[in-house]
1. Within the range 16-69, report the trypsin sites (Lys or Arg not before Pro) that DSSP leaves as loop and that have at most 12 other Cβ atoms within 10 Å.
2. Place +1 on the Cβ of every Lys and Arg and -1 on the Cβ of every Asp and Glu in the range 82-131, take the dipole about the Cα centre, and give the residue among Pro129, His111, Ala91 whose Cα lies farthest towards its positive end.
3. Once the dipole of the chain is set up with Lys and Arg at +1 and Asp and Glu at -1 on Cβ about the Cα centre, which of Gly142, Leu262, Leu44 lies farthest towards its positive end?
4. Are there cysteines in the chain with no second cysteine's Cβ under 4.7 Å away, and if so, which?
5. Please enumerate, by chain and number, the lysines with C-alpha under 28 Å from the C-alpha of Lys29, excluding those fewer than 8 residues away in the same chain.
6. Out of the DSSP beta bridges found with both residues in the chain, what percent are antiparallel (nearest 5)?
7. May I ask for the equivalent-ellipsoid semi-axes of the range 1-85, computed as the square root of five times each C-alpha gyration tensor eigenvalue and listed largest first in whole Å?
8. Which lysines, on any chain, are close to Lys108 with Cα under 19 Å apart, when same-chain ones fewer than 8 places away are left out?
Amino acid sequence: MGVDIVELAGDRLLLDLPDDARRAYAEAKATLALVVAPPSKRRLQPIAPSADWRVDLAEGCPAPCSYCYLAGSLKGPPITRVYANLEEILAELPAYLGKGTITSRSAKRAHEGTTFEASCYTDPLALEPLTGSLSAAIAWFGRWEADVQLRFTSKFADISSLHGLAHGGRTRMRASVNPSAFARFEGGTAPVAARLGALREMALAGYPIGLTIAPIIAAPGWEEAYEALIGDAAARLADVPALDLTVELITHRFTAGSKAVLESWYPGSALDMGERGRTIKRTKFGTEKSVYDAETMKALRGFFERRIADALPAARILYWT
Ligand code: SF4
């Protein structure tokens, strides 16, 4: 691909990044490290509300979304680390079978089996053309004759290596979508229409699918924008036979830390991270998040529940947050 490849003598990644925050950010985003996931990274953690366990095929994402949640969860320069020891990572999973505490203990979702989320710290489809890790993981779950589900969500659309796989119905792909009016916050990702097209192709290939509507942004005109988005999704999926469709609804939120990081990476962004219409929510880990206030949340939630019931009656809403 004509890129520079640097082999390191040891396992420390010393980056010579410029002092200027934006240039350092751009260089880091353009850096991909092929590394070995150590045992500490291979121990799985629960990941509410999506899945019983988080499984990481990579950490970091090359896209430049100005509301990316990774700004708050990954520390340091935003390089992407992809894991080389995929077989070792996957070999850990059978030990977690039947031990989930999130979806496995939910009356509504226990039928999904033990669930493993691969999109917590990365967008695995963004990296698939470089690594093949996602297709390898899907094929691995396809061979795992157990009550399990691999889950991933993506703002990308190149599913050419996925739709022919023997997936066994044990992988659910969700498209992470927002109205095209907010596309300027998601530079470098696939157009939303392409994501919906990819989702449709995956459904036709027998995969269970889903929509991750995230982050939901209550900017002026949100009702019309999301109305159109839900309508587009319904039109793309209308004739899919035996459609197995879920919806996850995640409102925009940020911490003081993630806001500071995002503002240094995207100065002057039109993304509203002000205090108006927001309230502080304390998490069970003692940290604080800025979320929409109760009145805005109520209006958003009511709207989404009504519109999804009308336009996508086959869909199951998994959670609202
Ligand atoms: S595609 Fe997802 S993970 Fe990647 S930068 Fe955008 S929001 Fe973050």
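Here, each number is a calculation from the coordinates, and none is a lab measurement. Keep in mind that this is a model prediction, so the values were computed, not measured. Positions of Cβ are generated from backbone atoms using ideal geometry, with glycine treated the same way; all protein chains shown enter the neighbour counts.
1. Values: sites: Arg22, Arg23, Lys29, Lys41, Arg42, Arg43, Arg54; in loops: Arg43.
Answer in residue order: Arg43.
2. About the Cα centre, the residue reaching furthest to the positive side is His111.
3. Farthest towards the positive end: Leu44.
4. Cys61, Cys120, each lacking another Cys Cβ under 4.7 Å.
5. Of all the lysines, those that pass the test against Lys29 - Cα under 28 Å, at least 8 places apart if same chain - are Lys41, Lys75, Lys155, Lys259, Lys289.
6. On the way: 10 of 40 bridges.
Roughly 25 percent of the beta bridges in the chain run antiparallel, per DSSP.
7. Values: eigenvalues 114, 67, 25 Å².
Result for the range 1-85: semi-axes of 24, 18, 11 Å.
8. Partners within reach: Lys99.
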